[in-house]
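Shown next, in structure tokens, is the structure this report addresses.
What follows is calculated from the coordinates using simple rules that are stated; it is not laboratory data. Please read these numbers as outputs of a predicted model, since none were measured by experiment. Cβ: placed from backbone, ideal geometry, glycine included. Neighbour counts: every protein chain shown.
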Amino acid sequence: MVNLRGSSTAGLLVRFTAAGLIVLLSLAALIAFVARQAGTEQATESARQVTFVTAQGVVQPRLDAAVIAGTPAALQAFDAAMRRYVLQGSLVRVKLWNADGKIVYSDEPRLIGASFPLGAEEAEALRIQGSSESEVSDLSRPENRFEVPYKKLLEVYVGVRGTNGEAMLFEAYFQYKAVTDAGQAAWQRFAPPSLGALLVLELVQIPFAWSLARRVQRQQRERERLLRHAVEASDAERRRIAGELHDGVVQELTGLNYALDAMRLGNPTEGQRAGLIADSASRLRGSIGSLRSLLVDIYPPNLAEEGLESALAELAAGLERTGMEVRLETERAANLPPAVAALLFRAAQEIIRNVASHSGAREVLISAGRSDGRATLVIDDDGRGFDETRLDERSSGGHLGLRSIGDLLAESGGMLTVRAAPGQGTRVEVEVPVG
């Protein structure tokens, strides 16, 4: 159970909002990473497609025997085509290799004719015509020494064939900044709507969080109030039982003990002895009845086995021993669910205790039944009654029984109604949903 004692609604809302902002920032970072990664991958794939189309559409048709052989006039015409159709935008360097690792052509003329060992991936691309590979260029390699001023390049190579069928390798170098700029552009394109949606979600949740925090705190206060009432009612119940034992059974048995001692020490006649024995037996039966009533109060009967009718009969018998005339109507209370029967019995205990202690009634009706999916209990007496408007005042003055029962019934979906007026008796009605 979460302990909300001492936590204000504003404090709870601040913690909720802070947690939401942390999640929002974490998601923003994740979206930024994913968007940039996706943009970078898309830009890399675009560079590969541009290189492939250039190799197939511009380079390969011009790879005649003269270009491959390195004839100056052929290379000059090839260079003019590369500078006109290929070297533009972020594409800043091209190289054409043969299978021996010789650079047949480059827009950097100092590389033409130089030979360098081909890497495994480059050899694979040269062998499999039409395939393309890409990687960040290693500017520390000798063949890339003239690209160092560009700092970072994306290198894409595609296998092509000359008009004579010779396998060649075409390499294109793109400025890597264009790739990262594409990733940044993707982030800037997706970030506003994504973060905006998350922020709107956070703002929409705040009123619900405020309402939930207030509701949870109200429930916490209600639970504390019910617990306090339960403790107070338990204390009052113990004091009541102790008082009834002291003022009732204990006093009665003490008086009986004195009477028997007096008979033992004196010299009573047969008639006095018989009268004392009869009176003692009557007083003992009364004490036994009082103890039985207290036992019912302390440990209620097994309603599941004996039923609500039997339990209410025990309570009615307690009233009859005080001299009240009790009418019991419980024929319609059979086969109630145990939980419902227990609620009705607990309510009947408290109401009948009030009748016995405060009503001064001569006649009492106890009726229990079941109708339209609800179990009902009615206890009506013809006693002195009281002013209904002072019921809350009586509760605050320490009379917690009915208030506690009302809270218990309300938690179970039931209700307790009290109708009373001075000199006109009291009628208490209880309803509990069945099912």
Residues 95, 152 in order from fewest to most other beta-carbon atoms within 10 Å are 152, 95
Correct semi-axes for segment 304-435, from √(5λ) of the alpha-carbon gyration tensor and rounded to whole Å with the largest first, are 23, 18, 12
Relative contact order of segment 304-435 (C-alpha contacts under 8 Å, at least 6 apart) in percent is 26
Log entry: pair-distance distribution for segment 23-181, C-alpha pairs binned every 10 Å from zero, whole % per bin is 11, 39, 33, 10, 5, 2, 0
